[in-house]
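First comes the structure, then the notes that go with it.
The values are calculated or read from the model by the stated rules, or taken from the named source; none is laboratory data. Everything quoted here is computed from the prediction, not taken from an experiment. Virtual Cβ from ideal backbone geometry, glycine too; neighbours counted across all protein chains shown. Calculation scope for accessible area: heavy atoms of the full protein, side chains included, ligands and nucleic acids excluded. Shrake-Rupley method; radii C 1.70, N 1.55, O 1.52, S 1.80 Å.
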Amino acid sequence: QVQLVESGGGLVQPGGSLRLSCEASGIIFLIYAMGWYRQAPGKQRELVATITNGGIPNYADSVKGRFTISRDSAKNTVYLQMNSLKPEDTAVYYCKAHAAPIDYWGQGTQVTVSN
C-alpha cells in the first residue's frame, strides 16, 4: 500500500519559516521524482517545486529564492524548506511521487501565513 504522509504545516507570521516533510512508504523511493504542489481556496492546484530522482530541483517563479526542496533517500522523505513566507503562500500543500505514468499524492497539509 502506497502512502505519502505530509507534516509540518501550520500558522506562521509573514516573513516566517516552515519546513514541510513528506514520508513515502510502499514505493521504491529512489526511482520516483518528488514534488510539492499547493492549492489555495478557489484556485487550481499549482506546482511549487520538484526534485528528480537524481536530486535536480525545479521551482515555480513565485517561490524561487525563498523555498528549497530536498530529499533524503535513507528516510524515504522529501522536504520543503519555506522561508520569507508571504500571505499569498497560504494553501494546502500536497506531496506527489511521480514515475511515469504513475502519480501518487499525499493528503495535504495546511499552511497559513497571517498575522
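Some values worked out for this structure:
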read-out: Which of Val2, Val113 is most accessible, then next, and so on - probe 1.4 Å; value: Val2, Val113
read-out: Whole-Hz couplings from phi, Karplus 6.51/-1.76/1.60, listed for the stretch 78-94; x for Gly and Pro; value: 10, 10, 9, 8, 10, 10, 6, 5, 10, x, 6, 7, 4, 4, 8, 9, 10
read-out: HN-Hα J in Hz across the stretch 41-55 - Karplus 6.51, -1.76, 1.60, θ = phi - 60°, x for Gly and Pro; value: x, x, 10, 6, 5, 10, 6, 9, 7, 10, 9, 6, 5, x, x
read-out: Extension gain (nm, one decimal) between Arg45 and Leu30, 0.36 nm per residue minus Cα-Cα; value: 2.9 nm
read-out: FRET efficiency estimate (nearest 0.05) - Cβ-Cβ, Gln107 to Asn53, R0 22 angstrom; value: 0.45
read-out: Leading residue at positive end of dipole, the chain (Cβ point charges), from Tyr93, Pro14, Leu80; value: Pro14
read-out: Proximal aspartates and glutamates relative to Lys96, as straight alpha-carbon distance under 17 Å, when same-chain residues fewer than 8 apart are discounted; value: Glu6, Glu23, Glu46, Asp72
read-out: Percent accessible area from carbon and sulfur atoms, the chain, protein chains only, probe 1.4 Å; value: 49 percent
read-out: With at most 16 neighbouring Cβ atoms within 10 Å, loop trypsin sites (Lys or Arg not before Pro) (DSSP) excluded, longest segment of the chain; value: 1-42
read-out: Fluctuation leader among Gly54, Gly42, Gly65 - the chain, Gaussian network, Cα springs under 10 angstrom; value: Gly42
read-out: Euclidean distance between Cα centres, the stretch 1-51 to the stretch 55-98, Å; value: 7 Å
read-out: In order through the stretch 98-111: 3J(HN,Hα) via Karplus (6.51 cos²θ - 1.76 cosθ + 1.60), integer Hz, x for Gly, Pro; value: 10, 8, 3, x, 9, 10, 10, 10, x, 8, x, 9, 7, 10
read-out: Highest-fluctuation residue, Pro41, Pro87, Pro14 considered, GNM on the chain with Cα pairs under 10 Å; value: Pro41
read-out: 1.4 Å probe accessible area per residue over the chain, in Å²; value: 53 Å²
